[in-house]
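Values in this text are rule-based calculations from the coordinates and carry no lab data. Quick caveat: nothing in here was measured; it's all calculated off a predicted structure. Cβ coordinates were reconstructed from backbone atoms using ideal geometry, including for glycine residues, and neighbour counts include every protein chain displayed.
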Amino acid sequence: MAMETCLQVSRACNTRVGAIQSHHTFSSKEQKLIKLPTFKGLKKSTITLSSSPPPTSFPLSNSTGGRKSLFVCKAREAVNEVQVVTDSGWKNLVLGSENPVLVEFWAPWCGPCRMIAPIVDELAKEYGGKISCYKLNTDDCPNIASQYGIRSIPTVLFFKNGEKKESVIGAVPKSTLSAAIDKYLDS
């Protein structure tokens, strides 16, 4: 999953033209952050990824000396982000996960959901690699919400080995969610 967010950027030294190779379909948000280079004769073109902290880069050079590659990887950021889960990915991402999973049930119109979202984002970064964090829009996926008895939002469910272990309802402090996460990391 994390490698899907990596790009290989190659620059041919003699023409100064940038080329991006990717096997990842970018979301509309990612497309706004990436400015693809255009060929303007022999003038230098630029590649802008975003104004956020720079991604991890690994310069690679091959034996020909005529081409150099720059491997730009945003894998660390991808692991530490709260990902969106839908009906189609629920079984694989949540129930099939080897790590404990935190799922936030939310809706865009919900004020308390907007209050807890930054807390869940912080937890995803703090526990990156130890747990998987997802958010599920209850307006877009009502079947999963009703399957787990979600009657009010925000609701955060914790899963381990494909089983629902605990639920936390409402906009709670970070310490409440951290304590619940710690329970499933230690066991």
* Of all residues in the stretch 163-179, which are within 21 Å of Gly96 (Cβ to Cβ) and touching a strand residue (DSSP E or B) at 6+ places or on another chain (Cβ under 9 Å)? -> Lys164, Lys165, Glu166, Ser167
* Asked: Does at least one position in the stretch 149-157 carry a residue that is in contact with a Phe, Trp or Tyr (Cβ under 8 Å, 6 or more places away or on another chain) and polar (S, T, N, Q)?
  -> yes
* Mind listing whichever residues of the stretch 163-187 are assigned to a helix (DSSP H, G or I) and out of contact with any Pro (no Cβ under 6 Å at 6 or more places or on another chain)? => Lys174, Ser175, Thr176, Leu177, Ser178, Ala179, Ala180, Ile181, Asp182, Lys183, Leu185, Asp186
* Taking the stretch 83-95, which residues are within 17 Å of Lys160 (Cα to Cα) and in a loop (DSSP other than H, G, I, E, B)? -> Val85, Gly89
